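Report on the following structure.
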Amino acid sequence: MRILAGTVFLLALAGTAVAQQADNVFPFDYQVVELENGFKAYLINAGAPGQIAYVSMVRTGSRDEVEEGKTGFAHFFEHMMFRGTEKYPNFDSVTASMGAARNAFTSNDMTVYYEVAPSEYLETLVDLESDRFMNLSYAEPDFRTEAGAVLGEYQQGARSPFRYLSEAVRTTAYDAHTYRHTTIGFEADVRAMPEGYDYSIGFHRRFYRPENVVLVLVGDFDFGEAERLIREYYTQWEPGYQTPDIPVEPRQTRARRRTVEYPGRTLPVLSINYKAPAWSPTDRNTVALQVLGRVAFGSTSDLYKELVVRERQVQYLNSSFGLARDPGLVSISTMVMNPREVRAVETRILGTVDEFKTDLVDEQVLADAKSNMKYGFLMGLETAQQVAFSMIGYVIRTGGIEAVEDYYRTLDAVTAEDVRAAAQQWLVDSGKTTVTMVQRRGR
Amino acid sequence: MMKRLALLPALLFVVGACEPAVEGAVTMREADSPFIAFNVWVKAGSQNDPAGKEGLAALTASLLSDGSTTQDSYDDILAKLYPMAAGYGYQVDKEMTVFRGRVHQDNLDAYYELFRNSILSPAWSEEDFERVKSQTMNYLERTRRYGRDEELSKELLFSIAYEGTPYAHPEEGYVQSVASITLDDVQQFYADHYLANNVVVGIGGGYPKGFVQQARADFDALPTGEVIQPAAPQPNMPDGVKVLIVEKDVDATPISMGFPTQLKRGHEDFWPMVAMNSWFGEHRESFSHLYNVIRETRGMNYGDYSYIEAYPRGYTTQVPPTNVSRQSQLFEIWIRPISLTAPGNLHERTLFATRAAWRELKDIVDNGMTDETLGDTKQFLRNYALNWGQTISRRLGYAMDDEFYGMDPGYLREIRPGLDRLTLEQVNAAIQEHLQYDNMWVVFITADAQAMKRKLLSGVATPITYAGEKPAELLAEDELIASFPIQVDEEDITIIGIEEVFESN
């Protein structure tokens, strides 16, 4: 049989502004370029020779949709960013001629645009991206046409049980904050999007400003050349970001419960959610809450072993303790095999919550969870695009990537007592929202 | 404990290097990579499922991947993998089963032991079997029918095109067939197919010297035996247009259409058809011509693409799947769900989009590509394809497929020179050879299937309207699309209810 092997082509690391310490988790040196208008770019040599990943991170997402009837608009606007400018009327054909992989995505706290392309196109990309962020221009008929594509995107996932569940959890758990709606938005708002042309112009003017956008450029390029290009093309971008007036979620005072019907066939899905703090790289209690999600409900937890592996009462047990830019939710969800056992499973989960409020987590379990989090980070740093994407969470929540090391230092310091304290503070009835999704009757 | 990551080679720079060949192994050593990727290929897939036990190959792989071994219980395996943030999984297609894994070099030895044991020394625990079977049954009875209509329409297209062949059933099987599978069935399938001479061990990345020999020797502990593989299936070229309408309470309709081709990797027309397909319908790319006609210009849906090779679960990925190698392929058009925009207009819009795609297919068959479109495609694809081999796991996956098709040099190394060599004449001759528009399998999942059937049979024009103004030339073209003929006879339209889908053979 044939043997293939790669000749490894190492890139020389150029002079850097931030040299990595021996005990750092993030294994690459990087350089920061900061412009007077507030724009920041992080330059990282990593990944394969001859390629770059050009990732523009906008710190605006569905979180910023504060106006009535405008849910889903940040995502819709992401689509409009591909509709061209006066200088480059056809963004797609220019990037296609590079053979670039290009796309974008939107979530609660962010809108992220990326191209992965040969290094020779660096200047073209800097020109193209700075141009569309500054000078986006589209006509109303194009805007209306794109609204149809967004409706199609809404529809392709509309039957997913997880969208039903997510909408039900959000509308039950939140009273005021914009995390109340999903990123794709409510269907009525999506169908009304063709009428929002003027609003879209204002959306660009308010949010697509240099203070609110961070570029992470990763790959095979010369630092000095990249810095020169970034200064040349982005300096004239005028600041003017308007901070949205995002409603502060009032303090929840009692547990909430709701049952929602799914219009297809499903086993019951139980979702237990607790109000949680905003993400922090330095607050031990907050990082301990993330650790708690893993040790109490992760794939090696006692609860998982019992419910999923040994007793097989549930199809799966998932926990989501990722934390967001603003205070949000942590979640435990499970699909119950026997509809009559939903309450029993809920009791088991709540029993685990109580155990972690009283007992200290085993030291080896804690050490394994920390190891998992670090290796999980390292395992995701194989390509230039992966390296850039691994920085998204830090950029969106803090405006830069410096918090990476803070976060892992804080993680190292988390103790079993911190994990217990996090359970006592956050997994409380007064912050709890329980949603059960069941099959619609008659099905 | 943490090590600085080495910088990895791009596809562009991957070149052969000398390393002793190991029989029964595909290797891709990248010595400075901190990652090691595994890909163990068992030459058995859903086409090897016995009649009445459809889904057996998949359930076997599932139990190996998610079950206990004679050394470790399943929860102990999870506990050991956890600190490494590593895992392994399986994929079963028509002809291939693969087990894939990836680990950081710090943890290679401990990881490899778990990965190897999962395939070589399963515990055959009844509890594990019940768990994975119940998960499969839940998928078959609920998720597959209700979770995502567009994937279901694609599966149904393959099912009707390959009816009567070992490719006909979905890899996961039917509700009734999986319900009948026992642990004994699984053990028998393993005994029949998991043979030393039927397994190829793929390893890539920064593994130490001698590691491949050790791994191959481990897998040589499997018994050897004779394996008789089914002949390549002969799919059914429809005589005219054959339509399947699935009745379901929806307000958006996915469309899948296609027909069999003789094309596969290694065929002399393969690269010409790769170029054609990239221009006509590159997967989830705005470069796709169908995308431009239906989504970009008319805003009818989320995307429109075409395929010359199987592309399951395309909604989850933008890069082509590896290890779905097949001896028989379809040409396939995927039109993502078309939404109702006003009461009662779902069928008109669905048929308009169907006609638009069909008309474009007729155009490329009748007129071929041009120097300009071929030039644009070469320019696009020669760099775009670099994105398909970005990780060691994907490069290894491609190498396993090269082994399946006997491609040397392999796909990733050959695509650029293959494209560069193409002439317009070659591409247009290949289009003439492999594409046509008279014979077509078509699948719709829609509400009020009888009304859809009547509309399709009536042949009436199905115009659409827009939320905004459109140029006169586009509206003129719309008139042609709306009345594009789809010749179909009543007896060639089948309607089934959603609860009947994949219930049994």
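Bear in mind that the values in this text are calculations on the coordinates, not laboratory data. Not measured: the values here are computed from a predicted model. Cβ sites come from the backbone with ideal geometry, for glycine too, and all protein chains shown count toward neighbours.
Convex hull of alpha carbon positions in the stretch A:125-171: directionally averaged projected area 5.5 nm². For B:Gly24, nonlocal amide neighbours, meaning residues 5 or more places apart or on other chains whose placed amide H falls under 5 Å from its own, do not occur. The dipole here belongs to chain A: it is taken about the Cα centre, uses +1 on the Cβ of Lys and Arg and -1 on the Cβ of Asp and Glu, and is about 2200 debye. Over all directions, the projected convex hull of the C-alpha atoms in chain B averages 24.4 nm² in area. Positive end of the dipole of the stretch A:231-381 (Cβ unit charges, origin at the Cα centre): among A:Tyr304, A:Pro339, A:Leu350, the Cα lying farthest that way belongs to A:Pro339. About the centre of its Cα atoms, the protein assembly as shown shows a dipole size close to 1860 debye [charges on the beta carbon of Lys, Arg (+1) and Asp, Glu (-1) only; nearest 20 debye].
What separates the Cα centres of the stretch A:44-91 and the stretch B:325-381 is a distance of 27 Å.
Under a 5 Å amide H cut-off, with hydrogens placed 1.01 Å from N, B:Glu282 pairs with B:Ser288, B:His289, B:Ser306 among residues at least 5 apart or on other chains.
Of all lysines in the structure, the ones whose alpha carbon falls short of 19 Å from that of A:Lys370, not counting any fewer than 8 places away in one chain, are B:Lys3, B:Lys80. Across all directions, the shadow cast by the convex hull of the stretch A:262-333 built on its C-alpha atoms averages 5.8 square nanometres. Solvent-free Debye calculation, one equal scatterer per alpha-carbon of the stretch B:41-131: log10 I(q)/I(0) at 0.14, 0.15, 0.18, 0.26 Å⁻¹ equals -0.51, -0.58, -0.79, -1.30. Dipole orientation for the protein assembly as shown: of the candidates A:Thr398, B:Tyr167, B:Ile364, A:Thr398 has the Cα lying most toward the positive pole (charges on Cβ; Lys, Arg +1; Asp, Glu -1). Against the compact-protein benchmark of 2.2 N^0.38 Å, the Cα-based radius of gyration of the stretch A:250-401 scales to 1.16. Couplings 3J(HN,Hα) for the stretch B:369-377, derived from phi with the Karplus relation 6.51 cos²θ - 1.76 cosθ + 1.60 (θ = phi - 60°), are 7, 10, 4, 5, 5, 5, x, 4, 5 Hz, where x marks Gly and Pro. Here the alpha carbons of the protein assembly as shown define both size measures, Rg and Dmax, at 27.4, 76 Å. Extent along the principal axes, Cα only, for the stretch B:325-484: 53, 33, 31 Å, with the longest axis given first.
Sorting the segments B:119-129, B:38-48, B:495-505 by their residues' average number of neighbouring beta-carbon atoms within 10 angstrom, most packed first, yields B:38-48, B:119-129, B:495-505. Volume per residue of the convex hull around the Cα atoms, evaluated for the stretch B:75-121, comes out as 81 Å³. Equivalent-ellipsoid semi-axes for the stretch A:20-75 (Cα gyration tensor, √(5λ), whole Å, largest first): 33, 15, 13. Look at B:Asp420, A:Asp283, A:Asp189 and count the other Cβ atoms within 10 Å of each Cβ; fewest to most, that gives B:Asp420, A:Asp283, A:Asp189.
Rg and Dmax, both from the Cα atoms of chain A and both in Å, are 23.3, 68.
Sequentially through the stretch B:236-249, phi angles give Karplus couplings (6.51, -1.76, 1.60; θ = phi - 60°) of 9, 7, x, 8, x, 9, 10, 10, 10, 10, 9, 7, 8, 7 Hz, Gly and Pro residues having no value and appearing as x. Scanning residues 5 or more positions from B:Gly147 or on other chains, none has an amide H under 5 Å from its amide H, with H placed 1.01 Å from N in the peptide plane.
Could you state, as a whole-number percent, how many of the C-alpha pairs of the stretch B:227-335 are farther apart than 18 Å? Pairs farther apart than 18 Å: 57 percent. Phi-derived couplings, Karplus 6.51 cos²θ - 1.76 cosθ + 1.60 at θ = phi - 60°, listed residue by residue for the stretch B:216-232: 5, 4, 4, 6, 5, 6, 5, x, 9, x, 8, 10, 9, 8, x, 5, 4 Hz, with x used for Gly and Pro.
Once you treat every alpha carbon in the stretch A:107-210 as an equal point and sum by Debye, what is log10 I(q)/I(0) at q = 0.11, 0.15, 0.24 Å⁻¹? Taken in order of the listed q values, log10 I(q)/I(0) reads -0.49, -0.86, -1.33. Helix B:126-138 and the long axis of chain B differ in direction by around 10°, with both axes built from C-alpha atoms. Taken over the alpha carbons of the stretch B:308-405 as equal point scatterers, the Debye sum produces base-10 log I(q)/I(0) values at 0.14, 0.18, 0.20, 0.22 Å⁻¹ of -0.82, -1.12, -1.19, -1.23.
Compared with the rule-of-thumb size 2.2 N^0.38 Å for a compact globular protein, the stretch B:65-220 has a Cα radius of gyration ratio of 1.18.
Per the Cα gyration tensor, the stretch B:138-195 maps to an equivalent ellipsoid with semi-axes of 24, 16, 9 Å, ordered largest to smallest.
Roughly what % antiparallel, to the nearest 5, for the DSSP beta bridges in the protein assembly as shown? Roughly 75 percent of the DSSP beta bridges within the protein assembly as shown come out antiparallel. Over the C-alpha trace of the stretch B:171-239, radius of gyration and Dmax come out as 17.8, 57 angstrom.
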